[in-house]
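Have a look at the structure below, then the notes.
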Amino acid sequence: MTSATDPILVIRLGALGDVVLSMGPMAAIRQHHPKARITLLTTKPYAAWLKQSPYVDEVWIDDRAPWWRPDLLLALRRRLITGGFARVYDLQTSGRSSRYLKFWPRHARPEWSGIAAGASHPDSNPDRGIAHTIDRQREQLRLAGINDTPLTDLTWMKLTDLARFNLPERYALLVPGGSAHRPEKRWPVENYAKLARLLSSAGVMPLIIGGADERGLASTILTACPTARDLTTATSFEDLVTLARRAMLAAGNDTGPMHLIAAAGTPGVVLFSQHSNPDLCAPRQPRMTILRRDDLANLTVDEVFEPLEGYLVKGWDD
């Protein structure tokens, strides 16, 4: 049985959308263990950002070493064992993270919340595979004795100075990309170009958000809509949340930045194809509309613009 001050480990390796959805559970864990030293095991892209959160005291980086690098795995094993953790909350619940329980000798294993064989607080919900991430993790924590799990709250994030972008008052965020190895989750870029023109005609500057892989998409959109702005590779997590809080609206594919934007409270639309299920992973913020087609090429620009136009007419406070 853990005491009030026993060290706690939380595991959440990625990806970005999943990390955002897990911030509610991380807040619940902090509330349940207010005096404990909580360490987060995550991957490098999220380490510095999550260290700023009020939910953890320390962040460790898991390089997700391949199994043929036993030297790296042994180093992680030593670090975990010497951490003195009394309980582990595995929010990743993957094969990799579950195997970490075996790093500890059987007689010295910490309490474990997750799906690993031998977990002291197993997530035994038979429907976990068909439950939304939020509901699944709430149930996992309930089985570990935590009954109040809020939605993600990003108000702890530090706002950044957007002056360097020289933006108008009315702008919208477009997220036309996504995982490079999942192109089937993307709405055709030509449609984003048409949407950008519609927004521009309504007096709203489209801002294109993404990483280096999205520069080509941004170029296509800018060719069709020169009044748009390319912010690919230009925004940190903090920049994106600051932009989102001030944006008129947002539209994008099922990808991590849209989870951040939704959690910031921005109204808009998220587009899902048959290759991802909104019942399992969609943002749940009330002003974010979910649109789905098996093939996103069959989703028209008018269908996407209709709810956006409604947000423009009604404004933020409706």
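Nothing in this text is a laboratory measurement; each read-out follows from the coordinates by a stated rule. This one's a predicted model, so the numbers in the text were calculated from it and none came from an experiment. Don't worry about glycine lacking a Cβ; one is built from the backbone with ideal geometry, like all the others, and counts go over all protein chains shown.
Across the chain, C-alpha contacts under 8 Å between residues 6 or more apart give a mean separation that, scaled by the residue count, equals a relative contact order of 16 percent. Of the peptides 63-75, 36-48, the order by per-residue mean of other Cβ atoms within 10 Å, starting with the highest, comes out as 36-48, 63-75.
Packing here is the average count of other Cβ atoms within 10 Å per residue, and on that basis the peptides 303-310, 25-32, 249-256, highest first, run 249-256, 25-32, 303-310. Note on the stretch 247-307: Kirkwood radius taken over Cα pairs, Stokes-Einstein applied at 37 °C and 0.692 mPa s, translational D equal to 284 µm² s⁻¹. If you take the alpha carbon atoms of the stretch 86-169 and fit the smallest convex hull around them, that volume is 176 Å³ per residue.
As an equivalent ellipsoid, the chain spans semi-axes of 38, 19, 19 angstrom, where each value is the square root of five times an eigenvalue of the C-alpha gyration tensor, largest first. When S200, S276 are sorted by how many other C-beta atoms sit within 10 angstrom of their C-beta, beginning with the fewest, the order is S200, S276. Among 80-86, 101-107, sorting by the average number of other beta carbon atoms lying within 10 angstrom of each residue, highest first, gives 80-86, 101-107. Against the chain, whose longest principal axis comes from its Cα atoms, helix 301-314 is set at around 90 degrees. Between L151 and D57, full extension at 0.36 nm per residue minus the direct alpha carbon distance yields a gain of 31.8 nm. Per q in 0.18, 0.22 Å⁻¹, report the Debye log10 I(q)/I(0) for the stretch 8-143, using one uniform scatterer on each alpha carbon and no solvent. Debye output, listed in q order: -1.04, -1.58. Overall form of the stretch 163-314: rounded. Here a/c, set by the Cα gyration tensor axes a ≥ b ≥ c, is under 1.5. Distance between the modelled labels on A234 and R287, one decimal in nanometres: 2.4 nm (7 Å Cα→Cβ projection). The separation of the stretch 207-258 from the stretch 264-312, counted between C-alpha centres, amounts to 16 Å.
Shown in residue order for the stretch 111-124 are the 3J(HN,Hα) couplings computed by the Karplus curve 6.51 cos²θ - 1.76 cosθ + 1.60 at θ = phi - 60°: 4, 9, 9, x, 10, 5, 4, x, 4, 6, 10, x, 7, 9 Hz (x for Gly and Pro).
Between A75 and I130, the simple spin-label model (points 7 angstrom out along Cα→Cβ) gives 4.4 nm.
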